[in-house]
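Asks: First, the structure itself, so that you have it in front of you.
The values are calculated or read from the model by the stated rules, or taken from the named source; none is laboratory data. Because the structure is predicted, anything quoted here is derived from the model rather than measured. A quick note on method: Cβ atoms are made from the backbone with ideal geometry, for glycine too, and the neighbour counts reach across all protein chains shown.
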Amino acid sequence: MSVKEAVVNVVKPERASALEPLLRRAPGVVLGLAGLAVMGGSWRLGLTQDGSMGPGLWPFMAAVLLVVSSVGIVLGPVEERDAEDDATFFPPAAIAAIVAMAAFAALLTTIGITTSIALVSLFWLKVLAGEKWLLSVVMSLVLAIVIYFLFIQVLDIPLPVDAFLPR
Amino acid sequence: MDTISDFADGFAVAATPTNLVLVLVGVLLGMVIGVLPGLGPTTTIAILLPVTFALDAPSAIILLAGIYYGAMYGGTITSVLVKVPGEIASVVTTFDGHQMARQGRAGPALGIAAIGSFIGGIAATFMLVLLAKPLASFAERFGAPELFLVAVIGIVLVLAMGGQSLPRAGAMVAVGLIVASVGQDPVTGSGRFTFGSLEMLGGLDLVAIAMGLFGLSEVLSNVGKGSAQTPLAAKVDGIMPNKQDFKDSAGPIARGTVLGSLIGLVPGGGSVLASMASYSVERKISKHPEKFGHGAIEGVAGPETANNAGSTMSFLPLLTLGLPTGTVMALLYGALLLQGVTPGPTLVSEHPEIFWGVMASMLIGNVMLLVLNLPLVGLFVQLLRVRMGIISAVTVIVTLVGVYSLNNSMFDVVTCIIAGVVGYFMRRFGFQPGPLVLAAVLGSILEINLRNSLAISDGSASIFVTRGISLVMVAVLVLVVIGLASSTFRGKRKQTTEKIHDLVEAAEHETDLTADDLTSAEPGSTQRSRHV
């Protein structure tokens with residue numbers, strides 16, 4: 001066993017046990033802090049105006065509910081999470097998927113709908129879903145063509161069309 | 001007589017070639033979605049909302065309603081044949097439906113489910129039609145205080161019946177209300193939480209948020225996971241149940257219709273609770289409760305009838321009071337808003353073509369389902385072979401193109417992606433997005449009616465107890481809150497919550513759940529907290 005492995009073996013369980021309760025309480029704490037921030041923002045908007053409800057009172061009431069609920073979440077029983085869930089809590093594939101979605105949003109307005117659908121769905125099918133090349137290429141082209149005809153030609157929705165295609 | 005002529009007008013709307021095609025597309029799409037793993041009716045309706053923008057209002061709701069009750073049928077097919085519930089309300093059907101399939105009686109199980117669903121759906125549609133006009137004309141007397149209280153009762157009932165703990169459901173409702181308050185103040189017009197952004201001044205688009213929370217978060221949760229092997233489907237021979245099957249099922253179908261219709265009316269009820277309640281009742285009153293879980297046809301007939309009756313009946317509060325009673329209804333509310341129609345007490349009188357058209361389309365759709373369902377069973381089973389990666393790619397592209405097309409706005413696309421990421425973490429931490437979307441839809445109704453009520457009464461809250469109808473509503477609200485507090489205190493709510501929790505998990509992760517898990521009432525029998 002290397003020194004590194006030995007250190008990992010010793011440190012990992014302790015780190016896991018120290019972080020685990022914190023991680024489980026984290027959603028309640030985050031929601032509580034968000035609630036407090038909204039309460040502050042609502043206060044600044046004004047809770048009353050000329051003796052009636054001001055713009056801030058309604059969100060302030062919702063924020064109070066959020067803070068009270070978050071206290072209940074933090075003090076309540078924690079959700080049991082499987083070891084498998086911990087290992088894949090935010091897997092690289094999910095990050096890649098979010099990047100692909102953002103890339104699609106950027107490409108849509110720059111190069112047009114059909115090419116961006118073909119490119120992003122090809123990436124999704126080949127890289128994220130691990131499909132074979134042939135199926136990925138055919139599926140992405142079919143998807144691009146079907147959506148072009150459905151949204152642009154049939155439903156006449158004004159989406160950004162590629163320069164080489166008719167509207 | 002009025003009702004008959006209104007209904008006839010509804011048929012004139014529903015029977016146009018376009019709307020007939022839309023009903024057919026809706027029910028077929030719904031059945032496919034009910035069968036496909038990972039896609040439920042909520043996700044599908046969320047991602048298809050922008051498509052309905054190009055249709056007129058009755059056609060849009062006809063299509064979405066078709067998807068909704070089509071999915072109820074579709075989920076049954078896989079529950080019976082492969083023990084994989086396509087959507088949550090069908091989990092109960094796996095208990096006895098799949099056992100029947102293993103005994104070589106898959107056909108009668110599917111047959112009685114289809115017949116029960118048909119009867120439940122048709123009976124609930126007629127009840128809905130009979131109740132709609134009196135309820136709507138009564139609700140037309142509602143002023144701001146009553147509209148506020150109806151929405152509050154709706155939210156409290158959703159809290160009471162949700163499949164998650166009270167603090168978690170409360171937090172989701174609060175976040176939904178806060179999301180709804182972003183943008184211009186409805187009275188003064190000043191900006192709230194806009195951070196100087198012009199786009200934020202218009203508010204966050206609820207449809208974009210729902211599409212992210214349901215569509216994209218579902219995809220993110222499944223990305224990188226391998227597809228499960230397609231389970232071997234049971235063989236389907238004759239589909240017609242025999243004489244004894246019909247005799248055994250008559251009572252459960254009748255009770256399922258009544259139970260489903262009643263539960264469908266209650267906010268937070270819907271098809272899941274309807275099928276659970278029907279199964280429990282049938283098992284309790286049966287002379288042979290030991291047969292349940294081992295292929296009792298009553299355990300298929302009752303719940304299948306109840307879930308279709310429940311999903312049909314849940315249209316009543318939406319179309320007559322403007323009160324969505326569950327997530328799907330909240331999305332339909334959003335679809336109507338997209339069309340420039342605000343659901344409420346005046347919908348039936350001001351937009352009769354929507355109400356009666358949708359009602360007539362439900363009858364047509366249920367007949368289509370009965371005719372199409374059984375011959376297409378073999379085809380639907382093949383759909384189980386479609387891999388999750390392919391479904392995800394199509395879902396993402398359709399969602400993002402759809403959300404952009406709402407307002408041709410990149411801001412909506414960004415909102416949707418952020419909602420998707422937030423929804424992903426919500427799922428990982430065991431929060432369900434349903435109450436959030438419902439509260440986001442009801443948020444503006446609640447606020448504007450509260451402020452109008454207080455403006456009428458010069459700021460005095462006594463307006464809620466000095467008017468007859470609102471006083472009754474306050475009493476109902478107090479009773480609901482007392483009931484909620486007492487069931488939480490006695491731990492009963494926890495048991496129900498965990499049962500629903502288990503159903504959700506069984507539907508999402510294809511885990512084994514038995515009839516005993518659902519119907520046992522002993523404290524501690526379901527005392528496990530699970531991550532969904």
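Asks: Check off (1) more than 16 Å from the chain's Cα centre (by Cα); (2) modelled with pLDDT of 85 or more for B:V51 and give me the number that stays unchecked.
Replies: B:V51 satisfies all of (1) more than 16 Å from the chain's Cα centre (by Cα); (2) modelled with pLDDT of 85 or more except (2).
Asks: Output the residue which, of all residues in region A:103-128 that are of a type in the set (V, I, T) and surrounded by fewer than 20 Cβ atoms within 10 Å (Cβ to Cβ), is nearest to the other protein chains (Cβ to nearest Cβ).
Replies: A:T109
Asks: Out of region B:71-83, which residues are surrounded by 24 or more Cβ atoms within 10 Å (Cβ to Cβ) and either within 12 Å of the chain's Cα centre (by Cα) or assigned to a loop (DSSP other than H, G, I, E, B) (or both)?
Replies: Scanning region B:71-83 gives B:A71, B:M72.
Asks: Quick check: is even one residue across region A:90-102 part of a helix (DSSP H, G or I), facing another protein chain (nearest Cβ under 9 Å) and touching a residue at least 40 places away in the same chain (Cβ under 8 Å)?
Replies: no
Asks: For region B:385-396, which positions are within 9 Å of chain A (Cβ to nearest Cβ), over 17 Å from A:V99 (Cβ atoms), in contact (Cβ under 8 Å) with a residue 40 or more places away in the chain and of a type in the set (A, V, I, L, M, F, W, C)?
Replies: The one that is within 9 Å of chain A (Cβ to nearest Cβ), over 17 Å from A:V99 (Cβ atoms), in contact (Cβ under 8 Å) with a residue 40 or more places away in the chain and of a type in the set (A, V, I, L, M, F, W, C): B:M388.
Asks: Buried (at least 16 other Cβ atoms within 10 Å of the Cβ) and at pLDDT below 90, is that true of A:I152?
Replies: yes
Asks: OK, next. Report the residue count in region B:13-38 for those that are within 30 Å of B:G389 (Cα to Cα) and either free of Cβ contacts under 8 Å to residues at least 40 places away in the same chain or in contact with a Pro (Cβ under 9 Å, 6 or more places away or on another chain) (or both).
Replies: Within region B:13-38, residues that are within 30 Å of B:G389 (Cα to Cα) and either free of Cβ contacts under 8 Å to residues at least 40 places away in the same chain or in contact with a Pro (Cβ under 9 Å, 6 or more places away or on another chain) (or both) number 4.
Asks: Still on this model: With the condition kept exactly as written, say whether any residue in region B:455-463 is away from chain A (no Cβ under 11 Å), assigned to a helix (DSSP H, G or I), within 26 Å of A:G28 (Cα to Cα) and modelled with pLDDT of 90 or more.
Replies: Within region B:455-463, none of the residues are away from chain A (no Cβ under 11 Å), assigned to a helix (DSSP H, G or I), within 26 Å of A:G28 (Cα to Cα) and modelled with pLDDT of 90 or more.
Asks: Additional query: Here are B:T399, B:T415: which of them is at the interface with chain A (Cβ under 10 Å from one of its Cβ atoms), assigned to a helix (DSSP H, G or I) and within 25 Å of the chain's Cα centre (by Cα)?
Replies: B:T399
Results for (1) at pLDDT 85 or above; (2) more than 14 Å from every other protein chain (Cβ to nearest Cβ), shown as yes or no for each residue.
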| position | (1), (2) |
| --- | --- |
| B:S5 | yes, yes |
| B:D9 | yes, yes |
| B:T18 | yes, no |
| B:L36 | no, yes |
| B:T43 | no, yes |
| B:S59 | yes, no |
| B:Y68 | yes, yes |
| B:A71 | no, yes |
| B:I77 | no, yes |
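Asks: It is to be established whether one or more residues within region B:264-272 are in contact (Cβ under 8 Å) with a residue 40 or more places away in the chain and on the phi > 0 side of the Ramachandran plot.
Replies: Yes, that holds for at least one residue.
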